[in-house]
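Right, I'll just put the structure down here and ask away after.
The values are calculated or read from the model by the stated rules, or taken from the named source; none is laboratory data. What you are looking at is a predicted structure, and each value in this text was computed from that prediction instead of being measured. Cβ placement follows ideal geometry from the backbone for every residue including glycine, while neighbour counts extend to all protein chains displayed. When the accessible area is computed, the model is the full protein with side chains, heavy atoms only, and any ligands, DNA or RNA have been set aside. Shrake-Rupley method; radii C 1.70, N 1.55, O 1.52, S 1.80 Å.
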Amino acid sequence: MNQAWSDVYTKALALIAEVEPEVAAATRQELADQRESLKLIASENYASLPVLAAMGTWFSDKYAEGNPGHRFYAGCQNVDRVETLAAEHAKALFGADHAYVQPHSGIDANLVAYWSILSHRIESPTLERLQVKNVNELSEGDWEELRLTFAKQRVMGMSLDVGGHLTHGFRPNISGKMFHQRSYGTDPHTQLIDYGKLRADAKEFKPLIITAGYSAYPRRINFAAMREIADEVGATLFVDMAHFAGLVAGKVFTGDEDPVPFAHVVATTTHKSLRGPRGGMVLASGEYAAAVDRGCPLVLGGPLGHVIAAKAVALAEARQDSFRTYAQAIADNAKALAEGLLRRGVKLVTGGTDNHIVLLDVSSFSITGRQAESALLDSGIVTNRNSVPNDPNGAWYTSGVRIGTPALTTRGLGTAEFDQIAGLIADVLAGTTPVATANGASKAKYAIADGLADRTKAAAAELLNGFPLYPGLSL
Ligand code: PLP
């Protein structure tokens, strides 16, 4: 880090402050807060300054609906350059046939994925059968029939209760409203995906799409087994690797654990373990490429050229050897954290981890996930509450806390530090008690043993001292 970066940000914030000082002040404060706390939110990271800088440009001002070389606006030659570059980096990094880098977020990427599968599997054969080129040429009757056919399709995804995502068929989400949905869970004893039961359920339900991926499952997935099941029932395998894309990019997940060779379509976010800008991306095997490329006009409008430029920078970073070292450290640190917690008597869902997530079951401390999350936050440790399988406290209060290692691994913390963090977390959980109310113990209010939060905060700050965030950047 050189002085130039400090100058860049100091000047940028001064410019912002001339118009709206509150935004400049909040931006400075955000950096200070992120520097001071142990950021253990599994879906967060710290993007590099080149990635952040790439987002603050005039590409933000450009409309570029369409695809490189085929836009609905003039003057897109520079957006074409960065979009083509980002897609080439993505294909090379993941070994994918095709990459579509326009989705604005993970949810957008999943919508593009679902609708491109519907287009390829349902719409295209219908158009072929009726010998028309596109949906505008369908008669009112045929169009209505096609719309009703979309609505009859079935998807199987991992249940939200055991770590799946809202977009995997949860009824309040559009995925649950679009499809007939059946979720698959985990074995009640091992808490691991039960592939035998999944196969039997898929044979009975006959889904068009099997979705694999998770937000809060601390284990790897066997994508070869998933593809075998999908092939047996004629389903398209869609993998949402939003959480673990960094581990795929960094070759920690290889062989059967790498989704790209097995899935027909893969969607991801770019801002979690992949450490890029906030955004999404879809990778596709050849037969789905054309459908995926029609993300606009399907569900997207104008692409975010400035974010696509930042994706190109982040993907170039992820192609460097140092990213493999980083990805391996994410997994090693998660293991050290899990072992440290287990050694100190904390219960973990599945009994451990082999990815970047550790899911704590805090019920043995007689507190809820919400109380644990709040007590940890008071102590300088930022996590999020999360339900555990069959959670008696539901999705709001929960009985769990989800922890992830990508962000602090970026700061350079290693296994020894993660063991220390395990000690801090275990002490806070042991020192937190629910506050009694007239109706019994509160699920939200809590008390922390005298001085414990301040002591932990000080210990966290001392730990982080050795691992500065954006070292040398002073504002
Ligand atoms: N898919 C999974 C598995 C996720 O965990 C998330 C985010 O939490 C998403 C998709 C959605 O990503 P975004 O918040 O960028 O829309």
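Of the residues in the range 220-239, how many are open to solvent by 10 Å² or more (accessible area, probe 1.4 Å) and either among the β-branched types (Val, Ile, Thr) or within 15 Å of the chain's Cα centre (by Cα) (or both)?
The number of residues fulfilling the criteria is 2.
While we're looking at this one, here's another question. Which residue pairs have Cβ atoms closer than 6 Å, lie 6 or more positions apart in sequence or on different chains, and pair a first residue in the range 268-282 that is hydroxyl-bearing (Ser, Thr, Tyr) and modelled with pLDDT of 95 or more with a second residue that is within 8 Å of the ligand (Cβ to nearest atom) and in a strand (DSSP E or B)?
Matching pairs, first to second residue: THR269/GLY280.
So, in the range 176-200, of the ones that are in a helix (DSSP H, G or I) and touching a Phe, Trp or Tyr at 6+ places or on another chain (Cβ under 8 Å), which residue ends up most open to solvent (accessible area, probe 1.4 Å)?
Checked the range 176-200; the qualifying residue most open to solvent (accessible area, probe 1.4 Å) is LYS197.
Looking only at helices (runs of 4 or more DSSP H) that fall completely inside the range 345-448, which ones have 1 or more residues that are among the charged types (D, E, K, R)?
369-378, 415-430
Of all residues in the range 396-450, how many are surrounded by 24 or more Cβ atoms within 10 Å (Cβ to Cβ), more than 15 Å from VAL382 (Cα to Cα) and of a type outside the set (Ser, Thr, Tyr)?
The number of residues fulfilling the criteria is 0.
Follow-up question, since we're still on this one. Picking from VAL266, VAL307, VAL299, VAL282, which residue would you name as being within 16 Å of the chain's Cα centre (by Cα), of a type outside the set (S, T, N, Q) and more than 28 Å from VAL388 (Cβ to Cβ)?
VAL282
Let me confirm something: among VAL155, VAL79, which residue is surrounded by 14 or more Cβ atoms within 10 Å (Cβ to Cβ), within 18 Å of ALA263 (Cα to Cα) and either touching a Lys or Arg at 6+ places or on another chain (Cβ under 9 Å) or modelled with pLDDT under 95 (or both)?
Step by step, each of VAL155, VAL79 is checked, and only VAL155 is surrounded by 14 or more Cβ atoms within 10 Å (Cβ to Cβ), within 18 Å of ALA263 (Cα to Cα) and either touching a Lys or Arg at 6+ places or on another chain (Cβ under 9 Å) or modelled with pLDDT under 95 (or both).
If you check VAL292 against the conditions, is it within 16 Å of the ligand (Cβ to nearest atom), hydrophobic (A, V, I, L, M, F, W, C), out of contact with any Gly (no Cβ under 9 Å at 6 or more places or on another chain) and touching a residue at least 12 places away in the same chain (Cβ under 8 Å)?
For VAL292, the condition - within 16 Å of the ligand (Cβ to nearest atom), hydrophobic (A, V, I, L, M, F, W, C), out of contact with any Gly (no Cβ under 9 Å at 6 or more places or on another chain) and touching a residue at least 12 places away in the same chain (Cβ under 8 Å) - is not met.
With the structure loaded, tell me whether ALA86 is part of a loop (DSSP other than H, G, I, E, B) and touching a residue at least 40 places away in the same chain (Cβ under 8 Å) or whether it fails that test.
no
I'd like to know if the range 47-55 contains one or more residues that are without any contact (Cβ under 8 Å) to a residue 40 or more places away in the chain and either loosely packed, with under 15 Cβ neighbours inside 10 Å or touching a Cys at 6+ places or on another chain (Cβ under 9 Å) (or both).
no
Please verify whether ALA329 is open to solvent by less than 20 Å² (accessible area, probe 1.4 Å), in a helix (DSSP H, G or I), out of contact with any Asp or Glu (no Cβ under 9 Å at 6 or more places or on another chain) and in contact (Cβ under 8 Å) with a residue 12 or more places away in the chain, treating the condition exactly as stated.
So ALA329 does not fit the description; no.
Could you check, for the range 140-156, whether at least one of its residues is under 22 Å from the mean Cα position of the chain (by Cα) and touching a residue at least 24 places away in the same chain (Cβ under 8 Å)?
yes
Tally the residues that are open to solvent by 60 Å² or more (accessible area, probe 1.4 Å) and either without any contact (Cβ under 8 Å) to a residue 40 or more places away in the chain or in contact with a Ser or Thr (Cβ under 9 Å, 6 or more places away or on another chain) (or both), restricting the search to the range 59-72.
4
Next question, about the same structure. If VAL252 satisfies every condition in (1) away from the ligand (no atom under 16 Å from the Cβ); (2) farther than 24 Å from TRP115 by Cα; (3) surrounded by fewer than 23 Cβ atoms within 10 Å (Cβ to Cβ); (4) within 24 Å of the chain's Cα centre (by Cα) but one, which is the exception?
With respect to (1) away from the ligand (no atom under 16 Å from the Cβ); (2) farther than 24 Å from TRP115 by Cα; (3) surrounded by fewer than 23 Cβ atoms within 10 Å (Cβ to Cβ); (4) within 24 Å of the chain's Cα centre (by Cα), VAL252 is out only on (3).
Let me ask something else about it. Testing LYS272 on (1) in contact with a Lys or Arg (Cβ under 8 Å, 6 or more places away or on another chain); (2) within 16 Å of the ligand (Cβ to nearest atom), one condition comes back false. Which one is that?
(1)
Something else about it: Looking at (1) touching a residue at least 40 places away in the same chain (Cβ under 8 Å); (2) open to solvent by 40 Å² or more (accessible area, probe 1.4 Å); (3) not in a loop (DSSP other than H, G, I, E, B), which one does LEU31 not meet, given that it meets all the others?
Here LEU31 clears every test but (2).
Given the criteria more than 16 Å from the ligand (Cβ to nearest atom) and open to solvent by less than 10 Å² (accessible area, probe 1.4 Å), does ALA338 qualify?
In short, yes.
With the condition kept exactly as written, say whether any residue in the range 301-316 is buried (at least 24 other Cβ atoms within 10 Å of the Cβ), in contact with an Asp or Glu (Cβ under 7 Å, 6 or more places away or on another chain) and either assigned to a helix (DSSP H, G or I) or charged (D, E, K, R) (or both).
yes
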